[in-house]
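One structure is given below, encoded as structure tokens.
Just so it is clear, none of the values below were taken in a lab; they were calculated from the coordinates. Owing to the predicted nature of the structure, the values given are computational and were not obtained by experimental measurement. Cβ: placed from backbone, ideal geometry, glycine included. Neighbour counts: every protein chain shown.
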Amino acid sequence: MPITRRLFTGAAATALTLPALIRRAHAAEFVYKIGTSTPLNHPFNTRLMEAGEKIKAASKGRMEFQVFPDSQLGGDNDILSQARSGAIQFCQPTGQILSTILPLAATPAMGFVWPDYDHVWKAMDGNLGAYVRQQVMAKTNLVPMEKIWDLGFRQTTTSNRQVKVAKDFEGLKLRVPIAPSLVAIFRALRAAPVGMQFGEVYSALQTHVVDGQENPLSQVTAGKLYEVQKYVSMTNHVWDGYWICCNAAAWKRLPPDLQKITADALNETAIAQRVDIAKLNGGVRGELEQKGMVFNDTSPESFRTQLSSSGFYKDWSQKLGSEAWGLLEQHVGKLV
């Protein structure tokens with residue numbers, strides 16, 4: 001057959017498009033994204049990326065789980081909104097952030113209630129965690145994974161004073177996440193809480209817009225807050241964790257086998273991430289002291305007394321509902 005211009009053109013076009021067709025044939029069927037506000041070097045992001053590798057391997061490339069850390073997609077509240085709308089597929093809200101749309105999600109994050117991690121994991125891997133997860137699925141257009149990831153016990157850092165008892169909070173300009181329960185805790189302690197996204201914290205501390213902030217020590221070191229803060233008061237005022245949640249419609253689009261692969265990878269990696277945080281907490285105080293931060297320990301009595309006398313526990317028991325509050329008190333004792 002003679003080679004005509006038409007045959008040559010058709011053959012050339014096929015040759016040029018073949019690599020693109022090959023790439024398309026090997027592309028993932030599902031590419032799901034998660035945004036975080038946590039700095040890149042935090043164990044939370046490291047383990048999320050590890051979960052993504054597990055998902056890709058177990059699905060034989062059919063599913064990709066992409067991580068966008070360090071507020072690349074916005075702050076915590078922005079990421080939650082994007083996931084609910086379907087703009088991205090996954091989010092990682094803490095209970096406090098979730099409480100902006102579902103108040104009872106803040107139940108595990110009440111002030112000065114958890115004595116230690118043994119109590120936390122018994123509750124969150126048990127009936128309290130199951131109840132919160134069920135309510136999130138029913139009321140928020142999100143599907144949370146079974147295992148909650150560890151953010152940690154929150155401590156107080158300041159540039160101008162140590163906090164040893166409740167009265168030391170009076171008048172303190174303190175950055176807090178945009179989370180109703182945390183704002184309420186510090187108002188009850190007579191501080192002046194200022195809500196802002198984590199990505200804004202460093203500059204707010206540097207320019208003295210606020211005097212201090214509160215976060216787990218892992219966030220203090222990952223965010224380099226030691227450069228703009230002097231004192232660390234071990235208030236242990238709240239424990240909170242990350243719920244890894246998927247947009248409900250996006251979750252339903254996944255075939256059952258990919259749902260299982262994704263959930264298994266995220267739940268298994270959550271346990272490893274908890275171990276990471278425990279190890280980090282074991283050494284981070286010494287590291288921060290070497291960087292010049294001054295630590296002091298506290299006991300919860302004066303803080304709990306102030307919260308109780310201010311009506312904090314009574315008010316939040318009503319906001320969260322008797323069932324959620326009752327489950328909390330099963331694990332921490334009577335609060336009201």
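Grab the DSSP H runs of the chain that are 4 residues or longer, score each as -39,500 (n - 2.57), total them, divide by all residues and round the 222 nm result to the nearest 500 deg cm²/dmol.
-15000 deg cm²/dmol
Pairs of Cα atoms nearer than 8 Å and 6+ residues apart set the relative contact order; for the chain it is 23 percent.
Gain in length, ARG190 to GLN259, computed as 0.36 nm per residue apart minus the alpha-carbon separation, to one decimal in nm?
Numbers: separation 69, 0.36 × 69 = 24.84 nm, distance 4.61 nm.
Full extension from ARG190 to GLN259 adds 20.2 nm.
Straight-line cross-link partners of LYS314 among the lysines, defined as a Cα under 20 Å from its Cα and at least 8 positions apart when in the same chain: LYS334. Highest mean first, the peptides 91-100, 278-287 sorted by other C-beta atoms within 10 Å per residue fall in the order 91-100, 278-287.
For the range 25-332, the square roots of the Cα gyration tensor eigenvalues, ordered a ≥ b ≥ c, give a/c of at least 1.5 with a/b greater than b/c, which places it in the prolate category.
One decimal place: the segment LYS314-ALA278 gains 9.7 nm when fully extended, by the rule 0.36 nm per residue minus the C-alpha distance.
Step through the table entries LYS122/LYS319; LYS60/LYS260; LYS147/LYS319; LYS139/LYS252, compare each Cα-Cα distance with 18 Å, and write down the pairs that go over it. Violating the 18 Å limit, Cα to Cα: LYS122/LYS319; LYS147/LYS319.
Of the beta bridges in the chain, as assigned by DSSP with both residues counted there, near 50 percent are antiparallel.
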